[in-house]
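Readers should treat all values here as calculations from the given coordinates under stated rules, not as data from a laboratory. In this text the structure is predicted, and so the values were computed from the model without any measurement. Note that we place each Cβ from the backbone using ideal geometry, even for glycine, and neighbour counts take in every protein chain shown.
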Amino acid sequence: NAGVTQTPKFQVLKTGQSMTLQCAQDMNHNSMYWYRQDPGMGLRLIYYSASEGTTDKGEVPNGYNVSRLNKREFSLRLESAAPSQTSVYFCASSEKPPGQGFTGELFFGEGSRLTVL
Amino acid sequence: GDSVTQMEGPVTLSEEAFLTINCTYTATGYPSLFWYVQYPGEGLQLLLKATKADDKGSNKGFEATYRKETTSFHLEKGSVQVSDSAVYFCALVVNTGNMLTFGGGTRLMVKP
């Protein structure tokens, strides 16, 4: 009963390095999301994928890229990490996309804590 | 735009105390309202929700009532436990075409 699985759980990078956060869900959900969580700022949407083959920008997309590899997997890439990207990153999924029956219920992974030095 | 405002934490209570976490919102349309909870080291999970005015959502002893006249959705529990220590997020979605909008979160610490 895995739900949403994120890897890695912890990562330390130097400024300018690149990395990819992986996310997979086993609930056959159509939509997947990447959020970042920063102290005092709640959760902010980086990118989302309403369905397999589509991706869209969220509130804070600059410095990130995403790939919806298949229905299960949605990865987040930092091409050139900056200290401002130090954060906790959450992947989430929903059964249906916004605009097509989205109920407001998201299922979250446990998070990936990224530190950029 | 849509927004959610929560009381700043941390909120520190003794076990068996009464809990209220305030949440107010502004929305461009008629929202559905949610409370999510994040236990230490975990992702968020849905705690309860309400989809129309005067609805009461409830789960695990927590309750919140959708008050359209005061644009509020305050979270309450009559007797908190140490295991309720977590961060609580209020959220809304205006019709099914939009994304969830989250508040900033309120950390609750319950001491034995």
Worksheet item: Within straight cross-link reach of B:Lys56, meaning Cα distance under 13 Å, which aspartates and glutamates are found once same-chain residues fewer than 8 apart are removed?
Response: B:Glu76
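I'd like the chymotrypsin sites (Phe, Trp or Tyr not before Pro) in region B:7-58 restricted to DSSP loop residues with at most 13 other Cβ atoms within 10 Å, sorted by number.
Qualifying residues, ordered by number: B:Phe18.
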Worksheet, complete the sentence: Expressed as a percent, the portion of alpha-carbon pairs in region B:31-112 spaced more than 16 Å apart is 51
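Calculate the mean, over all residues of peptide B:7-20, of how many other protein chain Cβ atoms lie within 10 angstrom of the residue's Cβ. Before the final figure, lay out the partial values.
On the way: counts 0, 1, 0, 0, 0, 0, 0, 0, 0, 0, 0, 0, 0, 0.
Per residue, the average neighbour count from other chains is 0.
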